[in-house]
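Asks: What follows is a single structure, and I will ask about it in a moment.
Nothing in this text is a laboratory measurement; each read-out follows from the coordinates by a stated rule. As the structure is a prediction and not an experimental result, all values here were calculated from the model. Methodologically, a virtual Cβ is constructed for each residue, glycine included, from the backbone with ideal geometry; neighbour enumeration extends over all protein chains shown.
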Amino acid sequence: MNWIFKTVLLFLIFGVCVNIGFGQQTLVKTIMHDDQERRYILYIPAIYNDQKSAPLVFNFHGFTSNAQQQMSYGDFRPIADTAGFIIVHPFGLLDNAGNTHFNVGWGGSDVDDLGFTSVLIDSLAKDYKIDLDRVYSTGMSNGGFMSYHLACNLSDKIAAIASVTGSMSFLTYDECNPNRPVPVLEIHGTTDLVVPYNGASFAKSIDDVISFWQAHNQCKLTPLETLLDDIDPSDGSTVTHFVYSEGNQQVNTELFKITGGGHTWPGNQFNTPSTNYDIDASLEVWNFFNRYDINGLRTTTSSENVIKKRNSVYPNPNNGNITITNIESKESTFILFNSIGQSLKKGVIKTGQSNIDCSAFANGIYILMIENEMHSIIKL
């Protein structure tokens, strides 16, 4: 299946052009810090207006990964196109073993990623109209570790953080001393073999991490626990949402515990093994961020910036028959495009479940647009 992942990755990164009206900018830029050139990919949504301050979301990649891969695997771009935030995807430098990384105190590195992040925020604020009360950090695996590291050491600039398959290093945990309550969201699978849910020699357990932030934020001791609907029974996992509420400045500490989930980004477009498709991690992260600024719970939250997942598409890859689960109470229109942007099929997605017959089409990669949602579809 590696060829599928690489093909779709190139398709999404380089825009093998489905012309569906996006007017955004994707810019590869550099900045000097600590006598080193640091690269990052900046995503400016089409609705960005330099007359209005925009939130800024850091999206950090995992260990040995890179910014391009994270931009597509943990993809926030369709959400940013609606909600209007800017996304920055930093590139990690090499550690002493030659691996791309962000330095969270694992050893083998003296890279100053904390300073780099701080300087990058200041630089972006000079070039773009950034709402400095609404700077957020998320990431996959090592990117999640980095987000916790920022929450502990740069809480004067980072309003809220979310970690997907990450945890806290022992250094981050032992030395963590934020100067304010920090809203924290963790999304983690119980069968994660890379960053184990119960901890490892390099990582605290997820329960320890959540307990730390519940105590720091002075949230309620007992969480609200909700078992979410098993929208995609074929993914082999279920999701329980734990909400520790009513902390100082009305911040929450939250956990999506994915029973049976692995070291993957829930809802990703690549159908990687052990991925949960009952939630979309990118949507959950943004909706969490959108509730907070640097002062805690926002007094007003624009309803149009709360994005809801409306459709689940499975199986993917498929052999010609796609099932769509529409959780809204209204019908939606769809268009199926091929990889060169030609419209192949149009129709209506009903409430509940609907099927799309793709058996007449050749094997390959397709784009399914359901109103303003985009799904990458692979037919085998």
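Asks: With charges set only on the Cβ (+1 for Lys and Arg, -1 for Asp and Glu), what does the dipole of the chain come to about its Cα centre, in debye to the nearest 20?
Replies: Here the size comes out at about 960 debye.
Asks: Given the peptides 74-80, 178-184, arrange them by the average over their residues of other C-beta atoms within 10 Å, most packed first.
Replies: The densest-packed peptide leads the list: 74-80, 178-184.
Asks: Taking the square root of 5 times each eigenvalue of the Cα gyration tensor, what semi-axes in Å does the equivalent ellipsoid of the chain have, largest first?
Replies: The answer is 32, 23, 21 Å, longest axis first.
Asks: Another question, then. Go ahead and set up a Gaussian network model of the chain, Cα springs under 10 Å, then flag whichever of Gly92, Gly320, Gly166 fluctuates most.
Replies: Highest fluctuation of the listed residues: Gly320.
Asks: For a footprinting-style exposure proxy, rank Tyr173, Tyr197 by other Cβ within 10 Å, fewest first.
Replies: By the 10 Å Cβ count, ascending, the order reads Tyr173, Tyr197.
Asks: Positive end of the charge dipole of the chain (Lys, Arg +1 and Asp, Glu -1 on Cβ, about the Cα centre): tell me which of Asn103, Gly189, Thr333 has its Cα farthest that way.
Replies: Thr333
Asks: If you fit an axis through the alpha-carbon atoms of helix 2-14 and take the longest principal axis of the Cα set of the chain, what angle between them do you get, 0 to 90°, nearest 10?
Replies: The angle comes out at about 80 degrees.
Asks: Another one. Sort the following peptides by mean Cβ neighbour count (other Cβ atoms within 10 Å, averaged over residues), highest first: 121-132, 96-107, 50-61.
Replies: Ranking the peptides 121-132, 96-107, 50-61 by packing returns 50-61, 96-107, 121-132.
Asks: Which order, highest average first, do 212-223, 282-293 follow once you tally other Cβ atoms within 10 Å for each residue and take the mean per peptide?
Replies: 282-293, 212-223
Asks: Still on this model: For n ≥ 4 DSSP H runs only, could you compute -39500 (n - 2.57) per run for the chain, divide by its residues and tell me the 222 nm figure to the nearest 500?
Replies: -6500 deg cm²/dmol, from helical runs alone.
Asks: Over 21 Å between Cα atoms, which of Lys257/Lys379; Lys157/Lys204; Lys204/Lys257; Lys157/Lys220; Lys257/Lys350 qualify?
Replies: Lys257/Lys379; Lys157/Lys204; Lys157/Lys220; Lys257/Lys350
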